[in-house]
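All remarks here apply to the structure that follows.
The values are calculated or read from the model by the stated rules, or taken from the named source; none is laboratory data. Because the structure is a prediction, the values reported are computed rather than measured. Backbone-built Cβ (ideal geometry, glycine too); neighbour counts: all protein chains shown.
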Amino acid sequence: MPHVTTKDGTEIFYKDWGSGQPIVFHHGWPLCGDDWDAQMMFFLNHGYRVIAHDRRGHGRSTQTNNGNDMDTYAADVAALATHLGLRDAIHIGHSTGGGEVARYVARYGDGRVAKAVLIGAVPPIMLKTESNPGGLPMAVFDGFRAALAANRAQFYRDVPEGPFYGFNRPGAKVSQGVIGNWWRQGMIGGIKAQYDCIKAFSETDFTEDLKAIDCPVLILHGDDDQIVPIEDSALLSAKLVRHATLKVYPGLPHGMCTTHAEMINADLLDFIKG
């Protein structure tokens, strides 16, 4: 399997298919590059080079004990981009991956990144603080950590069966295949890295990263996102990014790239071609 080795010896797994302008996909927690299957196939068939990596500690990458933080995640992406010789790339991040995109583009994107997309993304910061009174209280994330440590296998059933895809909403069309695929992706990663990543996605402040981004940015969010509430994420990020376009999807869940792939893919293609 293809890997790039980072400075600390971590092996980052990646998929790299096709030719043309590169699109790099950054997955959410605690998943892996496979979460982008619908997007990878769509854009491959539209003539793009599609790349998806497994974040350190996730999927088929090294199950790391250290470096499970946003600074290192962004540096890992920089190593991958250098290894693959990426220029004029579009970086698309979902949830935690949206934070990774923001930090990577702000720190390493000059001359390499053409456009960026944040989907259901965690910036500016999820945690409730004095400067972010609309955020989620620490108790929410402590609950994630407790559930993960106590019974990861069950926790990784509860999340996709419930709020992630909106399957807990009345009348929702539940897919057992989608639930099982979420569980599969989560369970092949390392519990230590996934535990650490909760702090990374909840407590990292991306405000200055968003302000520093100088390329066009598309921000997509469902207004029924139960994982990353829109009021303290996309609506704030759109005010911080200089060249931002915000699109809100009424009633759509956090995992809308899977549940409504056809709609999301069409909007992504319009932005990339525009």
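Pairs needed: first member in segment 207-222, closer than 24 Å to residue 250 by Cα; second member anywhere, surrounded by fewer than 18 Cβ atoms within 10 Å (Cβ to Cβ) and among the polar types (S, T, N, Q); C-beta distance under 6 Å; at least 6 residues apart or different chains.
Final answer for the pair search is 218/245.
Mind checking whether some residue in segment 141-156 is closer than 19 Å to residue 33 by Cβ, touching a residue at least 24 places away in the same chain (Cβ under 8 Å) and surrounded by 18 or more Cβ atoms within 10 Å (Cβ to Cβ)? Steps first, please.
In the first step, residues of segment 141-156 are kept if they are closer than 19 Å to residue 33 by Cβ; the result is 156.
In the following step, the residues that additionally are touching a residue at least 24 places away in the same chain (Cβ under 8 Å) were identified as 156.
Adding the requirement that they be surrounded by 18 or more Cβ atoms within 10 Å (Cβ to Cβ) leaves 156.
Within segment 141-156 (the criterion being closer than 19 Å to residue 33 by Cβ, touching a residue at least 24 places away in the same chain (Cβ under 8 Å) and surrounded by 18 or more Cβ atoms within 10 Å (Cβ to Cβ)), the answer is yes, since at least one residue qualifies.
Let's see how each residue does on (1) under 29 Å from residue 109 (Cα atoms); (2) surrounded by fewer than 17 Cβ atoms within 10 Å (Cβ to Cβ):
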| position | (1), (2) |
| --- | --- |
| 179 | no, no |
| 202 | yes, no |
| 228 | yes, no |
| 247 | yes, yes |
| 273 | yes, yes |
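Does segment 80-90 include one or more residues that are among the charged types (D, E, K, R), out of contact with any strand residue (DSSP E or B) (no Cβ under 9 Å at 6 or more places or on another chain) and assigned to a loop (DSSP other than H, G, I, E, B)?
no
List pairs: first in segment 256-270 and farther than 14 Å from residue 41 by Cβ, second hydroxyl-bearing (Ser, Thr, Tyr), Cβ under 6 Å, 6+ apart or cross-chain?
259/165
I need every pair where a residue in segment 174-202 that is without any contact (Cβ under 8 Å) to a residue 40 or more places away in the chain and over 11 Å from residue 157 (Cα atoms) has its Cβ under 9 Å from the Cβ of a residue that is among the charged types (D, E, K, R) and in a helix (DSSP H, G or I), sequence separation at least 6 or different chains.
Pairs that qualify, where the first residue is without any contact (Cβ under 8 Å) to a residue 40 or more places away in the chain and over 11 Å from residue 157 (Cα atoms) and the partner is among the charged types (D, E, K, R) and in a helix (DSSP H, G or I), are 174/161.
Could you tell me whether residue 71 is under 25 Å from residue 213 (Cα atoms), among the charged types (D, E, K, R) and either part of a helix (DSSP H, G or I) or at pLDDT 95 or above (or both)?
Criteria met by residue 71.
Would you check which residues across segment 93-109 are touching an Asp or Glu at 6+ places or on another chain (Cβ under 8 Å) and either more than 13 Å from residue 244 (Cβ to Cβ) or free of Cβ contacts under 8 Å to residues at least 24 places away in the same chain (or both) and list them?
Within segment 93-109, 93, 94, 103, 106, 107 meet the criteria.
Only one residue in 146, 102, 106 is part of a helix (DSSP H, G or I) and in contact with a Phe, Trp or Tyr (Cβ under 6 Å, 6 or more places away or on another chain), so which one is that?
102
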